[in-house]
Amino acid sequence: MNFPPITRTTARPTVNVTFPDGRVYEGPKDTPLEAFVRQADDDAGVPAPLHTLAVKIENRLRELTLPVTHDMQVIPLNYEHRDGALIYRRSLCFLLAAAVQRCFPEERLVVEHAVALRSYFCRLQGSRCLTAEELDQVKQTMQALVTENLPIERSEMELDEARHFFEQRGDQDKVRLLRYRTRPTPEHLCHWRFRGLLFWL
């Protein structure tokens, strides 16, 4: 069998990200995926409301903070995709919680459940309701936080550490939930950090 000529070379300091329409973008290794998709969105004239929120790589959902360490093919997901919409709403919950914490440090936001029109029912812990003026204050604070453009960072914590964390906070509901968690070992709990606050799913 005749093979094409093969030559020895050195590893490239760059990586390629290929999009479904055939466009290929090159950048330094370990660059966050967001840099590639933002450039691709800008080149395609994608309006801001439809910017990429996450991607699928080999059929796995990945966040844009992922460092690109090797060549890959990606499928962009925006708000019109189911997974993209879930990420968008989750980010809004983080933003709302951070705004409530900034406006009312003594209060704690509780995200209860999904309701109609792709939204969530949220309330303050306890029975207090916000006034119209307080709601407007929260809204303005959310807009200010968006302007700051701070990252939402994903991390993992061992289950034992997570249980201790929730026990220290007095969050017995989550302590009980973790007690019956039966995922394979080693067990970790995914969480996100935004403006010094921790958020869990």
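Take every Cα pair under 8 Å whose residues are at least 6 apart in sequence, average their separation, divide by the length of the stretch 14-80, and the relative contact order is 41 percent.
Against the chain, whose longest principal axis is taken from its Cα atoms, helix 159-169 shows a tilt of about 30°. Convex hull volume of the Cα atoms of the stretch 83-148, normalised per residue: 95 Å³.
Structural descriptor for the chain: relative contact order 13 percent, calculated from alpha carbon pairs under 8 angstrom and at least 6 residues apart.
Each label point was placed 7 Å from the Cα along the Cα-to-Cβ direction; for Cys190 and Asp83 their separation is 1.0 nm.
For the peptides 5-11, 147-153, 102-108, 88-94, residues were scored by their other Cβ atoms within 10 Å and the scores averaged per peptide; the highest-first order is 88-94, 102-108, 147-153, 5-11.
In plain terms, if you count all Cα to Cα distances in the stretch 14-80 and split them into 5 Å steps from zero, the share in each step is 4, 18, 33, 28, 14, 3, 0 percent.
Here the extension length gained between Glu158 and Met1 equals 51.3 nm, from 0.36 nm per residue of separation less the Cα-Cα distance. Among Met142, Met1, what is the fewest-to-most ranking by other Cβ atoms within 10 Å? Placing the least packed residue first, the sequence is Met1, Met142. Note on the chain: Cα-Cα pairs beyond 23 Å make up 58% of the total pair count. Of the residues Val15, Val111, Val146, the one with the fewest other Cβ atoms within 10 Å heads the list, and the complete ranking is Val146, Val111, Val15.
In the chain, taking the dipole from charged Cβ atoms about the Cα centre, the farthest positive-side position among Val46, Thr9, Gly84 is held by Gly84. About its Cα centre, the chain has a charge dipole of approximately 460 debye under the convention of +1 per Lys or Arg Cβ and -1 per Asp or Glu Cβ, with nothing else charged. If R0 equals 41 Å, the separation of the Cβ atoms of Val115 and Val46 corresponds to a calculated FRET efficiency of about 0.90.
Counted by neighbouring Cβ atoms within 10 Å, the residues Tyr180, Tyr120, Tyr25 run from fewest to most as Tyr180, Tyr120, Tyr25.
Where a number appears in this text, it was derived from the coordinates with a stated rule and is not lab data. Keep in mind it's a predicted model, so treat the numbers as computed, not measured. Every residue, glycine as well, gets a Cβ built from its backbone with ideal geometry; the counts of neighbours run over all protein chains shown.
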